[in-house]
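Before any comments, here is the structure.
The values are calculated or read from the model by the stated rules, or taken from the named source; none is laboratory data. Quick caveat, the model's predicted, so the values are computed rather than measured. All Cβ positions, glycine included, derive from the backbone under ideal geometry; neighbour counts span all protein chains shown. Only protein heavy atoms, including side chains, enter the accessible area calculation; ligands, DNA and RNA are left aside. Shrake-Rupley method; radii C 1.70, N 1.55, O 1.52, S 1.80 Å.
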Amino acid sequence: MSNDHDHGPTHTHDGKLIQEDELPSIEAQILETSVRELLIEKGVVSGEDIRRAIEAMDSRGESLGAKIVVRAWTDPKYKDRLLNNSDDAVREFGINMSPMELCVVENTDEVHNMVVCTLCSCYPRPILGIPPAWYKRRDYRARAVREPRAVLQEFGTDLPDGKQVRVHDSNADLRYLVLPKRPEGTEDWTVEQLEALVTRDSMIGVSDVRLPSEADA
Amino acid sequence: MRGPQDYGGLPAGPINPVKHEHVPTHWEKTVDALMMLIFDQRRQLARVDESRRMQEAFGEDYHKYPYYERWLQAVSWLMLEKSVFTQEELDAKQVEVRARLEAERDEK
């Protein structure tokens with residue numbers, strides 16, 4: 001995370017966009033502009049509200065989730081609270097799940113959890129931001145609940161036969177976050193080192209948290 | 001009865017997570033922001049299940065629209081349903097915006 005190339009995937013080294021920010025069809029642009037301008041004229045939202053909402057969403061993601069996970073890894077009391085009263089526990093990180101409810105599920109030696117929303121794209125947005133495209137697509141939504149082990153394999157996650165898989169189907173009111181397993185051999189690691197290990201996919205439960213040497217393998 | 005959005009357990013293809021790792025565009029983020037703002041605690045103009053009801057109202061057309069275009073349509077229908085603006089206001093606005101955007105496009 002802290003190397004010279006720590007920039008988003010859409011930029012080249014000279015700072016130019018690799019790809020122009022694409023616009024949708026003109027019809028969609030017309031509808032969006034119309035709805036947005038009407039909402040502003042009616043005083044429902046302001047341009048500033050929209051800018052701030054985009055900024056807030058951009059600030060969510062992997063690194064925010066990683067802070068919660070590492071806190072749970074390093075503080076047993078916090079972990080207990082996170083698993084039993086998730087909404088309250090994440091409030092410490094400035095996250096307000098309301099009006100939704102958060103349920104954090106723990107990966108152990110016996111159980112692997114993964115999260116899907118078969119009906120749409122419900123996701124722990126206040127923590128992880130906008131879901132990845134594959135999470136919203138039919139293939140993941142359809143298959144995660146029928147053949148989770150095969151789906152996990154497509155993410156490079158091979159589970160031993162004896163391990164139980166629990167698939168959590170999110171809905172409008174209830175969102176799930178996976179507490180991944182802390183990799184062995186990280187007992188002496190600092191909080192910053194640990195946070196850098198935690199990936200978005202490990203908190204959706206489609207992969208485990210791996211040590212850099214394992215990830216390269 | 002299974003709705004068009006109800007995919008759980010149906011046969012489907014490979015996930016292809018690397019291919020389908022799309023970074024949201026600014027336009028998509030704007031639509032996202034509009035939805036989040038009408039949901040938020042200050043406004044409470046709609047709830048998530050209402051947005052889903054609107055998207056499911058697409059019926060078989062559900063699959064024809066990109067994700068954020070479905071969201072946009074849901075925001076628009078919800079605001080009409082809740083009389084935040086009227087169909088007449090939306091129609092008039094769209095005529096005006098169309099002229100403006102098409103003129104901008106033709107200048108390029």
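Let me have the relative contact order for chain A, percent, based on Cα pairs under 8 Å that are six or more residues apart.
In percent, rounded to a whole number, it is 22.
Could you work out the local net charge near residue A:125, counting Lys and Arg as +1, Asp and Glu as -1, over the other residues with Cβ closer than 15 Å to its Cβ?
Every neighbour counted, the sum reads -2.
Which value results when the Cα radius of gyration for region B:26-107 is divided by 2.2 N^0.38 Å?
1.19
Cysteines without a disulfide-compatible partner in chain A, using Cβ under 4.7 Å as the rule?
A:103, A:120
Given the rule -39500 (n - 2.57) for each run of at least 4 DSSP H residues, summed and divided by the residues of chain A, what is its mean residue ellipticity at 222 nm, to the nearest 500 deg cm²/dmol?
Helices in chain A give a 222 nm mean residue ellipticity of -11500 deg cm²/dmol.
Given the -39500 (n - 2.57) contribution per DSSP H run of 4+ residues, what per-residue ellipticity at 222 nm results for chain B, rounded to the nearest 500 deg cm²/dmol?
Per the formula, -18000 deg cm²/dmol.
Find the accessible area per residue for chain A; the probe is 1.4 Å, ligands and nucleic acids are left out, and the unit is Å².
That works out to 50 Å² per residue.
When only Cα pairs under 8 Å and 6 or more residues apart are kept, what is the percent relative contact order across region A:48-170?
In percent, rounded to a whole number, it is 27.
With charges only on Cβ, +1 for K and R and -1 for D and E, what is the dipole size of chain B about its Cα centre, in debye, rounded to 20?
Around 320 debye, computed over chain B.
Using a Cα distance threshold of under 24 Å, what count of lysine pairs results for the protein assembly as shown when pairs must be 8 or more residues apart or interchain?
23
Please work out the Cα center distance from region B:1-17 to region A:88-145, rounded to the nearest Å.
18
Choose one of B:63, A:145, A:132: the residue whose Cα lies farthest towards the positive end of the charge dipole of the protein assembly as shown (beta-carbon charges +1 Lys, Arg; -1 Asp, Glu; about the Cα centre).
Comparing the listed Cα positions along the dipole, A:145 ranks first.
How many nm is it between the label spots at residue B:91 and residue A:150, if each spot is 7 Å from the Cα in line with the beta carbon?
Rounded to a tenth, the inter-label distance reads 5.0 nm.
Run the numbers on region B:26-107 and let me know its relative contact order in percent, using alpha-carbon pairs under 8 Å that are six or more apart.
26
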